[in-house]
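Every number in this text was worked out from the coordinates using simple rules, so none of it is lab data. This is a predicted model, so every value here is computed, not measured. All Cβ positions, even for glycine, are placed from backbone atoms using ideal geometry, and neighbour counts span all protein chains on display.
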Amino acid sequence: MSEIEKKIDECIEELSYYKHLSPEVEEAIRGFERLKERLRNLTRENIDDILRIVELSYQRSQAYSHFIPKTVANLKYIKEWLERKREELS
């Protein structure tokens with residue numbers, strides 16, 4: 001398992017504590033599962049779309065940083081990793 005997949009799994013684990021509070025949390029967990037799949041098939045053609053999704057998720061998560069600090073930190077890490085990866089792929 002890659003470092004990025006571990007970061008995503010940590011996000012899923014942290015969010016799982018809040019599943020019962022909101023259907024949006026379950027949607028976020030499904031989004032992280034989709035992100036893992038998309039990252040396994042990362043290409044020059046799809047990296048910009050994936051990066052946009054991660055950036056939006058990171059921005060939205062900041063409002064909940066007191067509740068999900070690991071998720072916010074991991075999304076920032078993933079975003080920065082994708083930005084470096086985009087440079088490598090171009």
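Can you tell me what the convex hull of the Cα atoms of the chain projects to on average, as an area in nm²?
Result: 5.4 nm².
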| query | In debye, nearest 20: dipole of the chain around its Cα centre with unit charges on the Cβ of K, R (+) and D, E (-)? | reply | 80
| What's the angle, to the nearest 10 degrees (0 to 90), between helix 3-16's Cα axis and the longest principal axis of the chain? | 20
| Mean residue ellipticity at 222 nm from the helices of the chain, using -39,500 (n - 2.57) per DSSP H segment of n ≥ 4 over the full residue count, to the nearest 500 deg cm²/dmol? | -25500 deg cm²/dmol
| Mean separation of Cα pairs under 8 Å and 6+ residues apart, divided by the residue count of the chain: what relative contact order is that in percent? | 34
| note | Longest principal axis of the chain (C-alpha) makes with the long axis of helix 23-40 (C-alpha) an angle, in degrees to the nearest 10, of 20
| note | For the chain, listing chymotrypsin sites (Phe, Trp or Tyr not before Pro) in a DSSP loop whose Cβ sees at most 11 other Cβ atoms within 10 Å gives Tyr17
